[in-house]
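Working notes for the structure below.
Each value in this text was obtained by applying a stated rule to the coordinates, not by laboratory testing. Since this is a predicted model, take the numbers as computed values, not measurements. Here the Cβ positions follow ideal geometry from the backbone for every residue, glycine too, while neighbour counts run over all protein chains shown.
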Amino acid sequence: MHARYSTSISNWLETILFERFGHRFTLSQDNGLIHLSLTGSPLTIRILSDSSTFFQSNSDLPLSRWDGNAEGWRMALAQPLPAPGVAKLPVPLIEKDAAGYTIGYDIIGLTYWMLSRQEEVGRTDLDQHGRFPAESSHAYLHNYLHRPVVDEWLHVLGQVIRRLWPGLKLAALDFSVRVSHDVDETNRYGRSSLKGLLRMMLHDVVKRHQVRNAMKAPLIWYQSVEGPHADDPDNTFDWIMDVSERYGLVSAFYFICGRTDAARDARYDPEDPAIRQLMRRIHARGHEIGLHPSFNTYQSPKAVVSEAMRLKRICREESIEQSAWGGRMHYLRWSTPTTLYGWEQAGMTYDSSLCYASSPGFRCGTCFEYPAFDPVQGEVLNVRIRPLIAMEVTVIAPHLMNMGTGQAALKKFMQLRNACRAVGGCFTLLWHNTQFDSPKKRALYTSVLTGITEPDACAPTTNIITATL
Ligand SMILES: [Zn+2]
């Protein structure tokens, strides 16, 4: 059985192709084939269509792999290339004939399935925070979560397009890095009760082995009445901006503007004079401010809208104007498509939540930003998805991948960064302002950002480090 794409789905997929290749191709369907054509040309690329498979909201799809080199195609990454949804592929996979080319794998269906997150709709195998976990996903189960499979297949499709229409100049794809920081807290020791301070000091000594920080804590706590203290280990904003400016990057800081879970949301209020001042400083230095919707908002679009309005009102009052507003869900909590509705109704430009908390990589199969699609209503949305590729805690933290801050962690980050580079995409990294509390973390961060892995080559200068230590 071959399900047909609605006009909305076809239009959306045509937009994805346009953004990737820089040309408008038309997609049409008949008899189990998708025809990719170009106005003015009688030739077409026919793609075997398996859309019934790619309308499924489960992860029980089969998997095959393709050795593209053997057929004379360039592969963006290591071989073989995973082909979700089929148990067996035709040989050869790509054939030329008088009408153009035939591709025996549904690249378009895979693109729909991965980017719309159809796989996650209505799932009940969720983790303790209500999230669809990496461990339930097809990509994790078949060991390709570390590969941007959609981008890799589109890389192949791009080659077929070039061979069929050699005069057509396709868009150049340039690798880029984006860095963002969820502001769960602005300071570790201020804003807490005396009991909270003592608990934090104990935590520093026992769990983090940071005796020096713990010893400084009482003075910082005492002096923090006016806002984040310069010596507080979580007050790393200027250091972060210094590093980003050094490497020509813009840092995006996402603020929590609501309290729906007293224990998990921020202790600060965005209206605090100290937070306002911080936002003004971020803006004045050319960095970005965004929203980090609070813990219990992922199933409540209304709550996301109200928190977005709160952030925008504060920014208006501080004369902070931005052409784009985005952010990320706290704890990466996400429910497809409900969470999208909040971002959409709030009129936000983009969301950058889609990554699994327990395993980094390509949850959407791509590292390219794209317009969101609602797989339940079958509609294109205005908000854009900016897939997150890695959150630092996932790789570093003992309760997650436990790779620490040494070579193993660096290797993991670089594997993902290099995969983005190979497809000319964007490596989007989340690094919390609260996770720069050791020189090793700072060195790891700069290595991951710059791709320069020799420790001295990109280490920030001493005066930057001491500015906030
Ligand atoms: Zn958070």
FRET efficiency, GLU71 to ARG162 (Cβ-Cβ, R0 22 Å, nearest 0.05): 0.90
Residue exposure sequence - PHE18, PHE175, PHE373, PHE362 - by fewest surrounding Cβ within 10 Å: PHE18, PHE175, PHE373, PHE362
Point-to-point label distance, TYR247-ASP261, nm (Cα→Cβ direction, 7 Å offset): 3.0
Calculated on alpha-carbon atoms, Rg and Dmax of the stretch 151-273 in Å: 22.8, 71
Proximal charge balance of VAL121 [Cβ under 15 Å; K/R count +1, D/E count -1]: -2
For VAL121, VAL179, order by how many other beta-carbon atoms lie within 10 Å, fewest first: VAL121, VAL179
Partners for LYS216 among aspartates and glutamates (Cα-Cα distance below 16 Å; same-chain residues under 8 apart left out): ASP204, ASP231, ASP232, ASP234, ASP437
√(5λ) per eigenvalue of the Cα gyration tensor, the chain, largest first, Å: 43, 23, 20
Whole-Å semi-axes of the stretch 134-221's equivalent ellipsoid (Cα gyration tensor): 52, 18, 10
Within the chain, helix-based [θ] at 222 nm, where runs of 4 or more DSSP H residues each add -39,500 (n - 2.57), nearest 500: -10500 deg cm²/dmol
Fraction of alpha-carbon pairs over 18 Å apart in the stretch 352-394 - percent: 32
Net lengthening on full extension, SER438/LYS96 (0.36 nm per residue, minus Cα-Cα): 117.4 nm
Within straight-line cross-link reach of LYS96, aspartates and glutamates at Cα separation under 19 Å, skipping those fewer than 8 residues along the same chain: ASP67, GLU71, ASP106
Gain on full stretching of the segment that runs from GLN79 to VAL206 - 0.36 nm per residue minus C-alpha separation: 41.2 nm
Using alpha carbons only: equivalent-ellipsoid semi-axes of the stretch 7-164, gyration tensor based, whole Å: 28, 18, 14
Net charge contributed by nearby residues that have their C-beta within less than 12 Å of ARG199 (K/R +1, D/E -1): +2
Estimated D of the stretch 322-457 in µm² per second, where Rh is the Kirkwood radius over Cα pairs and Stokes-Einstein applies at 10 °C, 1.306 mPa s: 100
Debye, to nearest 20: dipole size of the chain, +1 on Lys, Arg Cβ, -1 on Asp, Glu Cβ: 540
Sum of side-chain charges, SER57 neighbourhood, beta-carbon under 14 Å (Lys, Arg +1; Asp, Glu -1): -3
Contour excess over end-to-end distance, with Cα ends at ASN143 and ALA172 and 0.36 nm allotted per residue: 7.5 nm
Helix 273-284 axis, angle to the chain major axis (alpha carbon atoms, nearest 10°): 50
Rg(Cα) / (2.2 N^0.38 Å) computed for the stretch 265-355, rounded to two decimals: 1.05
Efficiency of FRET from Cβ geometry, MET215 and SER306, R₀ 41 Å, rounded to 0.05: 0.50
Angle in degrees between helix 211-223 and the longest Cα principal axis of the chain, rounded to the nearest 10: 70
Principal-axis tilt of helix 301-317 within the chain, Cα atoms, nearest 10 degrees: 60
